[in-house]
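Student: Okay, handing you the structure first.
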Amino acid sequence: MNLSVIRPALKCILASASLALIAPACSGEKDDISGSPAEISAISDSLRAGNMPGAMRLAGDIKATALLQGDSMRWSEAMVEQGVIAYYQRDPRTLATSADSAIRWLERHTPDKNKARILAKAYQTYGSYFDQYHYNADSTAKYLRKAVDYAELSGIRSDLPQYYGNYANTMRLAGSLDSAAIYYHRAISIADSLTLPEANYIPLYNGIAGVFSDMHDFDNGLIWWNKSMDIYGVMDQYDKFNTLSGLANLYYYKGDYRDAERVLTRLDNLLDSIPESTWERMFNNINLADTYIRLGRVGEAMPILEKSSEFFTTRQPNPMVVSYIHTLLIRAATSAGDYAEGKRVALTHPESDTLRLEQHVARLKALEDLYASSGDYSRAYSYRTRHDAVQDSLRSYKLRQRISALNLLYQRDRRILNLQTENTRQSAHIYKLIAAVAIAVAVIVVLVLMSMMRRYNARKREDRMMNKIIKLREENLRNRVTPHFIYNALNQELFRKTHGEESHLESLLNLIRRQQYAMSDILIPFAEELRFVDDYIDVIGANCKGRLRYTCLIDPVIDTGLLFPSMALQILVENAFKHGFRSLPAEVDRRLEIEMRPEKDNRVSVTVTNNCGPDHTDTDHKGTGLRVLLETMRLIKEKYHEEITFSHCFTTSPDGEIYHKASIHLSTEIKK
């Protein structure tokens, strides 16, 4: 198992410090209940500006006024805000007592939506206390789960991405990668539906990218890290720190230590611009030292580890980080061939009781390598067995073959020992040797069978995991497409009604009814998709400037019952109206043609052609529609193992008119 599994646990010491205790800015959506009073919002503004004294003063004034007026609700909310301030001031006692006091009062009363809103923030604050100061994953998960429940009860959807993201982060730390993926996707789906600002996606993209990195699914992990890097420009310095650390982790997992060093060096340069980032710099130095050891540059790593050990032992004590440094020292000694020093460090600095699973796995792996390199295969085998037992509970992956090799070395040593003992005894003990060999062979056979069974079960668990995540991605696509299309259609119908024009309500109802059917699956018959588009053109086309000329050409040899990506044709037609026709002068006819023709090897092409203005170059590559179309085609290829492609181009007719052609190429034999 790659030793980089320790890195997310260490990284999340900082990542968990990024729990969003201040509610994010939301879109224009109105919730069922009002937000915090203006004075509570002023505290959040002070925290964002880094004005801790001002925030404390505001919280104290609110508490004093609430006590004088006997307003317990207002007092409870002020206590929660006091806990949030203590979180940023690294004051664990005030953090715990403030959140606990608010919770105890609020839990004694039947929660309405407003109490639920305050309780959600109180439990989230309380959960951060156990995460930051006790490293207690169970308690953290317990209280963040309560925060999620109350956030859902409050009815404020704009708060849910924050609470789901924090709970997902805790599930990831606990090794429940499936639960983490579910809640990250829920958070992203709601953020999409609310069209939240890009900054709200930073912890969500980083989190789901980390889940894929933990699963060693490097391709999907890199997709999400690239999404984070796409919004790098809107990140603050600490978001950039978390993002670059996570990207470096992926390369480390992958065994690409050169790229890991490159990203960590970039991060080190970033920290040069943050004078107060001593903790973060020490953290990054440890990761750099880890990478240096992997690259065989132990001499560069040792001074860094000595300096970091002093910082996290005396200046800002942190037993988890110190234990990880000791693990790196064991690894460095093994790499340098100084096995006595490695054993001394292991004996002098045993594991802390507060370690998370990831750090425990890394320590077991370091000890296995130490004893295997020094020739003590019996002890190496013992650590390998413990390592695999813990690792198997953390991640569903194929077991590594190395356990078999170590076991054979161990059994070989046992046989040698038995033979030496036999040579010193009389021939009467020959039966004991035979029995020992038979037992050894039986153990090997049992271990091989167990290894095969565990690999089989691991593959099944991995398949279930990937199926879950694919379904989540499909659900996310449907949630993104539905409001994107329906809202456009409703706006057009309202426009007609306002201007006294003919109503197309029946077509609109057909449109919505068919859309409910289209939402149920990622593939539907092409004929159904075409009827969907016909209704769409009926609803939208009446409001076009200029005359609309629409034709549909289907080659008679093609069976229109073939399966087609749900809502793909509608997206291309919608783009023709939204981008192509909008750029034309009012007096110019709007020409729209849908053509379906056969290709080689049982394939067909579906082409949407529309005329457009000479200044039209935006083909919506970054818009919601085409992003969903391309993601849908990628899912079909991944799930049904069928090649499906998209292409587009601009052409000019003999009379100088510009046309845009968008085509989907797919097989006629796609089966669900």
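Bear in mind these aren't lab numbers, they're just calculated from the coordinates by the rules spelled out. Everything numeric here is computed off the predicted structure, so don't read it as measured data. Note that we place each Cβ from the backbone using ideal geometry, even for glycine, and neighbour counts take in every protein chain shown.
Student: How do 140-152, 112-124, 579-591 rank on mean C-beta neighbours within 10 Å, highest first?
Tutor: 112-124, 140-152, 579-591
Student: Please enumerate, by chain and number, the aspartates and glutamates with C-alpha under 20 Å from the C-alpha of residue 497, excluding those fewer than 8 residues away in the same chain.
Tutor: 506, 535, 538
Student: On to the next question. Provide the net charge surrounding residue 39, with neighbours chosen by a C-beta distance below 14 Å and charges set as Lys +1, Arg +1, Asp -1, Glu -1.
Tutor: -2
Student: I'd like the distance separating the alpha-carbon centroids of segment 527-551 and segment 174-191, in whole Å.
Tutor: 39
Student: Each residue of segment 341-348 in turn: what ³J(HN,Hα) in whole Hz from Karplus with 6.51, -1.76, 1.60 and θ = phi - 60°, glycine and Pro shown as x?
Tutor: Listing the rounded values in order: 5, x, 5, 5, 4, 4, 6, 6 Hz.
Student: Taking neighbour counts of Cβ atoms within 10 Å as a proxy for exposure, in what order, fewest first, do 453, 79, 633, 229 appear?
Tutor: Taking fewest neighbouring Cβ atoms as first place, the list is 453, 229, 633, 79.
Student: Determine, for each peptide in 317-329, 252-264, 546-558, the mean count of other beta carbons within 10 angstrom over its residues, then list the peptides with the highest first.
Tutor: Sorting 317-329, 252-264, 546-558 by mean packing, highest first, produces 317-329, 252-264, 546-558.
Student: On to the next question. In what sequence, highest mean first, do 83-91, 155-163 appear when ranked by Cβ atoms within 10 angstrom?
Tutor: 155-163, 83-91
Student: Now for a separate question. For residue 87, what is the net charge nearby, where nearby means another residue's Cβ is under 15 Å from its Cβ and Lys, Arg count +1, Asp, Glu -1?
Tutor: Taking every Cβ under 15 Å from that of residue 87, the sum is 0.
Student: Rounded to the nearest 0.05, what FRET efficiency is calculated for residue 234 and residue 559 with R0 set to 45 Å and r the Cβ-Cβ distance?
Tutor: Using R0 = 45 Å, I get an efficiency of 0.40.
Student: Would you tally the net charge around residue 546, using a Cβ to Cβ cut-off of less than 14 Å, leaving residue 546 out, and scoring K and R as +1, D and E as -1?
Tutor: +3
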